[in-house]
Each structure stands twice: as structure tokens, then as C-alpha cells.
1. What 222 nm value per residue comes from the helices of the chain, counting each DSSP H run with n ≥ 4 as -39,500 (n - 2.57) and dividing by all residues, nearest 500 deg cm²/dmol?
2. Just the number, please: carbon plus sulfur as a percent of the accessible area of the chain, 1.4 Å probe, no ligands or DNA/RNA counted.
3. With everything on Cα atoms, drop me the angle between helix 130-142 and the longest principal axis of the chain, reported from 0 to 90° to the nearest 10.
4. How are the Cα pair distances of segment 1-146 distributed, in percent, across 10 Å bins from 0?
5. Taking a probe of 1.4 Å, how large is the accessible area per residue of the chain, in Å²?
6. Not counting ligands, DNA or RNA, and with a 1.4 Å probe, what is residue 19's accessible surface area in Å² rounded to the nearest 10?
7. So, with +1 on the Cβ of K and R and -1 on the Cβ of D and E, and no other charges, what is the size of the charge dipole of the chain about its Cα centre, to the nearest 20 debye?
Amino acid sequence: MANEFDNTVTGLKNNGDATFAAAVNFAVGSDPNSIFSADLDGDGDIDLATANLSGSVSVLLNYGDGSFSSATDFGAQAMTEAVYGADLDGDGDIDLVAANAGSSSVSVFENLTGPYYVCGDANGDEAINLADAVYLINYVFKGGPAPNPLDSGDANCDDAVNLADAVYLVNYVFKGGPAPCCP
């Protein structure tokens, strides 16, 4: 929840049993008006971004334990009323867009932390399984779509995406072999 008059946002951590822990406030820029949540840094934890009426966007990175980093503020335009995120440039990470009522404009913030991906997850479903090996075989032998990003298919870190990566994944999935690595 955005707390406009005390420049904080309130978080309620889910206890996993239909109850919440006590409210915790996190400092953000002046006059927060809306909140957007997504994994902004690619670590698997949900981070926060706030639109601040003072003309900025604050980003708080989740430490994974219910606490967040101090806010980093990015300048926008007057009366920033809303913030939303999507992969605007197709690089695999979440960029931010802020609506600025005071200037009838939008501010675009390109996320420079990515791209992020799961090593060995050739088909992009965020799991490493036999489907990834099949995806790689289809890519190598049948001209199927390439892994996106290509490095996600380089499971054995030899700087090439080839049949050896599919074999490496099968060994990992069925025989407990070494986990895929990232080049």
C-alpha cells in the first residue's frame, strides 16, 4: 500500500497460513501514489516500484526474506501517478514505464540488470526437464526456434548450442549429473 503522506509503502508478509505478519513500512520517494511489483533484478524475488507524485520512481529490491533494499529513485516528470512494467525492449527483463500527469507524458526506464534466464531452460518455461533437451534437438536438427537467449541452451558451457547440450540435460534430469551452467 502506498502511503502518500509519510513517503512509505507498507508491506504485509504472507505467513503461508492465511495470515499476515505485522505491517512493515519501507521509505520511498516523496508522495508515493501507486505500486508495481515484479522480479526486476532476475533473482526470483518480487521487487517493488512506486510512482511518486514528486516526479520520480522508486525501486526497492527484495532480499528474499521479506525485507527490501533502500529505495533507489529515478527522475521522471511532474506528478508521476502510475508505474507499470513489461519487457519493452525484448531482452528478457522487466523495464518500467511511468505516467506523468503533470506533463502529459510517460517516462521509460530501461532495465539494465538483465537479461536473466535459467541455465539449461532452453524452452523458457522456467524449469529444467526433458522438454528442454527435445527443444534443443529440434533447434539443432530441424531448424526449430533458438533458445532465447541463446546462452540458456548452452547447458555444458562450451560456448556452443549443439547436441552435446541436449545430452548434458538428459544426464542432469535422469542421472543426477552436474547442473547446467551459464556461460
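1. -4500 deg cm²/dmol
2. C and S fraction of accessible area: 56 percent.
3. 70 degrees
4. Each 10 Å bin holds this share of Cα pairs: 12, 32, 28, 17, 10, 2, 0.
5. Result: 53 Å² of accessible area for each residue.
6. 60 Å²
7. It comes to approximately 280 debye.
The values are calculated or read from the model by the stated rules, or taken from the named source; none is laboratory data. Predicted model only: the values in this text are computed from it and were never measured. Note that we place each Cβ from the backbone using ideal geometry, even for glycine, and neighbour counts take in every protein chain shown. Quick note on the areas: whole protein, heavy atoms, side chains included, nothing else; ligands and nucleic acids left out. Shrake-Rupley method; radii C 1.70, N 1.55, O 1.52, S 1.80 Å.
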